[in-house]
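Following: one structure in structure tokens, then a few remarks.
Each value in this text was obtained by applying a stated rule to the coordinates, not by laboratory testing. Since the structure is predicted, the reported quantities are computational estimates derived from the model, not experimental observations. When we count neighbours, we look across all protein chains shown, and the Cβ atoms used for this are built from the backbone with ideal geometry, even at glycine.
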């Protein structure tokens with residue numbers, strides 16, 4: 001079983017590709033324009049990265065502030081520790097989001113927020 005898996009394209013598609021001058025070679029370095037879909041995808045990816053970074057930074061600051069306020073009060077030691085641990089998870093999510101790992105960043109932000117909420121239940 002050698003060869004490409006998409007070698008059995010429909011004749012209409014193959015004829016359109018030949019008419020457009022697409023040879024299917026991977027080493028073509030011609031002046032090809034970037035399709036609009038790729039530009040929109042790049043914009044969406046950039047927006048997702050900035051959203052993950054901004055949300056992670058905001059949740060990190062909120063968690064650290066809550067940890068400091070709870071540590072200064074009469075709350076059990078578990079409460080500020082939970083806030084700090086949740087803030088650390090959100091900070092890690094912000095870092096991953098800035099590197100383009102937005103799905104993992106989202107789950108870390110959710111987990112960090114859940115840890116902070118769980119810590120609040122012990123107060």
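Odds and ends about this structure:
- Segment residue 110-residue 62, length gained on full extension (0.36 nm per residue, minus Cα span): 15.9 nm
- Once the C-beta distance of residue 45 and residue 81 is scaled by a Förster radius of 35 Å, the resulting FRET efficiency is 0.50 to the nearest 0.05.
- Taking segment 36-121 and dividing mean pair separation by its residue count, relative contact order in percent (alpha carbons under 8 Å, at least six apart): 34 percent
- Note on residue 117 and residue 74: their simple-model spin labels are 2.8 nm apart, each label 7 Å out from Cα toward Cβ.
- Stokes-Einstein D in µm²/s, Kirkwood radius over Cα pairs - segment 36-121 at 10 °C with 1.306 mPa s viscosity: 121 µm²/s
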